[in-house]
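Peer 1: If you scroll down you'll find the structure; I have some questions about it.
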Amino acid sequence: MNKLLLIFLACILSVTNLAAQDGHDGHAHSNGDEGEVHDLGNISIAGTTFRVISHGEITPGSEAVIGIEVEQGKAPSELRAWIGVRNGRGSVKSLLHGDSHGHFHGHLEVPSKLSHGSAVWLDVTTEAGRQLGAASIPE
């Protein structure tokens with residue numbers, strides 16, 4: 001019984017220590033070696049402002065690492081993203097999950113050919129339905 005109690009307490013202390021290290025001061029996060037951070041700008045959708053960043057370059061036929069942070073407003077319950085044209089033709093749409101701080105992270109497939117007008121698209125589900133917004137891809 002005492003061993004079980006000690007193991008339980010050790011687990012509690014480990015989790016508490018990890019939470020204390022996180023801190024979220026300024027919400028700066030490192031994503032290891034996923035590449036140089038490129039700010040793609042802000043998108044306002046349904047009263048929420050999202051900041052979109054890419055880690056590394058967005059190149060045709062590759063995988064792009066995208067970070068999305070809620071800058072202002074309420075984080076959506078569902079957030080889908082893709083790279084390509086507005087209607088999503090030729091792209092793979094991904095459902096992104098966020099943390100409790102409104103940070104979303106995804107690895108998105110980039111089509112082998114990026115048409116004119118291609119962007120990082122966000123599809124937000126709201127009470128009024130689904131709404132879209134886009135962040136331009138640097139050339």
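Peer 1: In nm, what is the difference between 0.36 nm times the number of residues separating SER100 and SER44 and their Cα-Cα distance?
Peer 2: Going from the current span to full extension adds 18.2 nm.
Peer 1: Residues of the stretch 49-139: accessible area per residue at 1.4 Å, in Å²?
Peer 2: That works out to 54 Å² for each residue.
Peer 1: Compute the relative contact order of the stretch 43-139 as a whole-number percentage, counting only Cα pairs closer than 8 Å that sit 6 or more residues apart in sequence.
Peer 2: Contact order relative to length: 30 percent.
Peer 1: Still on this model: Per residue and in cubic angstrom, what volume does the convex hull of the Cα atoms of the stretch 89-139 have? Please list the in-between numbers first.
Peer 2: Details: hull volume 5.6 nm³, N = 51.
So the per-residue hull volume is 110 Å³.
Peer 1: At 0.692 mPa s and 37 °C, plugging the Kirkwood radius over alpha-carbon pairs of the stretch 58-109 into Stokes-Einstein gives what diffusion coefficient in µm²/s?
Peer 2: This corresponds to a translational diffusion coefficient of 276 µm²/s.
Peer 1: Let me ask you something else. Expressed as a whole percentage, what fraction of the accessible surface of the stretch 35-117 belongs to carbon and sulfur atoms when a 1.4 Å probe is rolled over the protein heavy atoms?
Peer 2: It is 44 percent, rounded to a whole number.
Peer 1: Relative contact order (percent) for the stretch 94-139, with alpha-carbon contacts under 8 angstrom and 6 or more residues of separation?
Peer 2: Relative contact order here is 25 percent.
Peer 1: Next question. Two decimals is fine: what is log10 I(q)/I(0) at q = 0.10, 0.12, 0.18, 0.25 Å⁻¹ for the stretch 38-139, from a Debye sum with one equal scatterer on every Cα and no solvent?
Peer 2: -0.23, -0.33, -0.76, -1.49
Peer 1: Once the piece of chain linking ASN87 and GLU36 is laid out straight, how much longer is it, given 0.36 nm per residue of separation minus the C-alpha distance between them?
Peer 2: Answer, rounded to one decimal: 15.5 nm.
The values are calculated or read from the model by the stated rules, or taken from the named source; none is laboratory data. Remember, it's a predicted structure, so these values are computed and weren't measured experimentally. What goes into the accessible areas is simple: the full protein's heavy atoms, side chains included, and nothing from ligands, DNA or RNA. Shrake-Rupley method; radii C 1.70, N 1.55, O 1.52, S 1.80 Å.
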